[in-house]
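Worksheet for the structure shown next.
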Amino acid sequence: MVKCYTCGAIMHYKEADLGHYVHKDCFNHEEDLLRVQCSRCNRYLSGNLGVFAENLIKEHGIKKFQKLISVRYSKKDYTYKELSAIRLRLLNEIKKL
């Protein structure tokens, strides 16, 4: 079971979405901006970004939050090897659940 980062709803992890604070055209893998969300917050409330930001600031402080969201101004081109490593690490994290 997991808890939605923005509204606190409890759900089975297979029903959860991976919410991300920075919405942009290119893929940025900044893990500190990724959190479990329910589909209502992530899909229907467009990420519930106001609450998402408040929670990130509480969690990291305003200075780190500002640094984290600066990824919206940068673009990283990942290699196949880098993406494969990220995928493998995340799959291992899921197995721990």
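Things worth noting here:
- Fluctuation leader among Arg87, Arg35, Arg43 - the chain, Gaussian network, Cα springs under 10 angstrom: Arg87
- Compactness of the chain as Cα Rg over 2.2 N^0.38 Å, two decimals: 1.11
- Checking the cross-link pairs Lys3/Lys58; Lys14/Lys96; Lys3/Lys96; Lys58/Lys81; Lys3/Lys64 against a 25 Å limit on the alpha carbon distance flags Lys58/Lys81 as lying beyond it.
- Arg89, Arg40 arranged by Cβ crowding within 10 Å, fewest neighbours leading: Arg89, Arg40
- Ranking of His12, His20 by neighbouring Cβ atoms within 10 Å, starting from the fewest: His12, His20.
- Sorted by Cβ density within 10 Å, fewest first, the residues Leu49, Leu97, Leu56: Leu97, Leu49, Leu56
A short reminder: the numbers here are calculations on the coordinates, not readings from a lab. These numbers were taken from a predicted model, which means no experiment stands behind them. When we count neighbours, we look across all protein chains shown, and the Cβ atoms used for this are built from the backbone with ideal geometry, even at glycine.
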